[in-house]
Each structure stands twice: as structure tokens, then as C-alpha cells.
1. As an exercise, find the ratio Rg/Rh for segment 115-194 from alpha-carbon atoms, using the Kirkwood inverse-distance average for Rh.
2. Report the semi-axes of the equivalent ellipsoid for segment 140-252 in whole Å, largest first, where each axis is √(5λ) for an eigenvalue λ of the Cα gyration tensor.
3. Which shape class applies to segment 73-206: rounded if a/c is under 1.5, otherwise prolate when a/b exceeds b/c and oblate if not, where a ≥ b ≥ c are the square roots of the Cα gyration tensor eigenvalues?
4. Mind listing which GluC sites (Glu not before Pro) in segment 1-108 are in a DSSP loop and have 12 or fewer other Cβ atoms within 10 Å?
5. What's the Cα-based Rg to Rh of segment 1-153, Rh via Kirkwood?
6. Give the angle, between 0 and 90 degrees and rounded to the nearest 10, that separates the Cα long axis of helix 227-241 from the longest principal axis of the Cα atoms of the chain.
7. Can you tell me the length gained on complete extension of the stretch H80 to Q130, counting 0.36 nm per residue apart and subtracting the Cα distance?
8. Which angle from 0 to 90°, rounded to the nearest 10, does the C-alpha axis of helix 90-99 make with the longest principal axis of the chain?
Amino acid sequence: MANERLREAMLKVGISTFELADKLGVNAKTVERWITLDRIPYPRHRHALAAALQEREAYLWPNAVTPERAARVAESELVHVYPRRAAIPFDVWTRLIRQSAEEIGILVYAGLFLPEQVPTLIKDLTAKAQAGVRVRVLLGDPESEAVAARGAEEGIGDAMAGKVRNVLAFYNQLRGVPGVFARYHGTTLYNSMYRFDDELLVNTHAYGFPAAHAPVLHLRRLSAGELFDTYADSFDRVWSSGRPIWPAAVAA
């Protein structure tokens, strides 16, 4: 069996077998065996390959990482645990937003606290989009059963739908900015998520408590890890099921 993922990754970045061998300091035949025979490189070469090809080690060689090592890597992807969302320092939000170079994603029901606590949010998101960063905002559909249920669970009734409409007044300022996309979703959220390239803030949800009173996991993606990608994939699934808030907005 050939390693088609490795072959495809090389084609994607336009690097040849000989160029890759030279870059890693190995024989070109060794690289050929990695591809055609699906031989698994030594760990030091896997790290270098993943970096050179801009792919995750776990994606290129899904069977190379033992369950024990996968558990250790997952622990390493966890940067910090905040006991509640309010414990996240203001400068963490601003740093994560301003250092983003490719992707910013917001998945919430309302998340009204964010534009309220980060007064430069709309300005910063506009600047990032204009610099080529893809900005995706997912808000709960105020007409959906999921938003109604969340409001009931928190004991605030219809106020949750009102929060969505209130926060939309902020995000509507981004309407028409190239690179900014906004969608409604009607899914049950087990977590709110805030993605900044390869870092994620995952605000867990606890029944009967507002999200502000629940813990937040700060994750940073590692090449051999899967924890970050589990949540990132969940974000993409919700995005795929959403509907545009602004009719003309379409994201790839």
C-alpha cells in the first residue's frame, strides 16, 4: 500500500522526492519507500516532514502514534484550563485575535460578552479580514428550538434569542467586508468555540449554568495531536449545517 496522503501533500506544496530528500538529509530512495511502501519514518523525520509539507503528523501517518503517546500529546495540546470564562485575561483575547494570520472562527449561541469586553473586536476583525484572514461567525438562530432550549436551561427564557439579536447589531458592522462570513445555526452546542489559527478556546457548557460560569480549555494544535482537531472538525460540521445571515455571503 502506498502512502497516498504523503504523495498528495508533496504534490500540494510542489516538492519533489529529491528535493525532500535533500531537505531532510536522507537518500531519495528512502523517501520513495516512505511513499510507495508506506514505510513509517523515524520520529525526527516525521516531525520535519510534517513541517515541510504543512500537514499534521497524525494525518500523514495515522498508525505511527501509539495510544500512550497520543494521550501524552493530547495533554501537551492543553495549554491552560480556566475555571470559568470570566477568568480569561483581556489580553489573551486581544493577543489571539491580533496574531491570527489565516483563520478566526467564532461559534456561539450569542456570545454577547465578546464585543462588550473587547471593544476593538469589530475593528480588529475588519483589519484581519482585509489582511487576508478568513473570519467565520456562527450565531444561534434566534428562531431555532436549540436557542429556545438553551434559554430555558439557563433560566432566562426568551432572553437568549434577544441576546442573539443584540449581538448581531455588532456583527452587522462587518457586512460587506471581504473575507468575513456569518451564519445562523440551529444545533445543540456542547461547547462554544473561539478559533485563532492553531489555537482554540473551548468554553464548555454545563446544564443549568450560563457559559460564563463554565470552564474554558485553551488548546494549541500539535502535529501529532488529535484533541485540537476534534473541536476544529466539530466547528466545521456546524458551519456546514448553517445558513447565511447575510444572503450574499458565501464561504468556501
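1. Details: Rg = 13.7 Å, Rh = 13.6 Å.
Result for segment 115-194 is an Rg/Rh of 1.01.
2. Details: eigenvalues 107, 89, 29 Å².
Equivalent-ellipsoid dimensions as semi-axes: 23, 21, 12 Å.
3. Numbers: a/c = 1.77, a/b = 1.17, b/c = 1.52.
Because a/c hits 1.5 or more and a/b fails to exceed b/c, segment 73-206 counts as oblate.
4. Working: sites: E4, E8, E19, E32, E55, E57, E68, E75, E77, E102, E103; in loops: E55, E102.
Counting only loop positions with at most 12 other Cβ atoms within 10 Å, the GluC sites (Glu not before Pro) in segment 1-108 are E102.
5. Values: Rg = 21.6 Å, Rh = 19.5 Å.
Ratio value, two decimals: 1.11.
6. 60
7. Fully extending the segment from H80 to Q130 adds 14.9 nm.
8. 50
The values are calculated or read from the model by the stated rules, or taken from the named source; none is laboratory data. In this text the structure is predicted, and so the values were computed from the model without any measurement. When we count neighbours, we look across all protein chains shown, and the Cβ atoms used for this are built from the backbone with ideal geometry, even at glycine. The accessibility values were calculated without ligands, DNA or RNA, using every heavy atom of the protein model including side chains. Shrake-Rupley method; radii C 1.70, N 1.55, O 1.52, S 1.80 Å.
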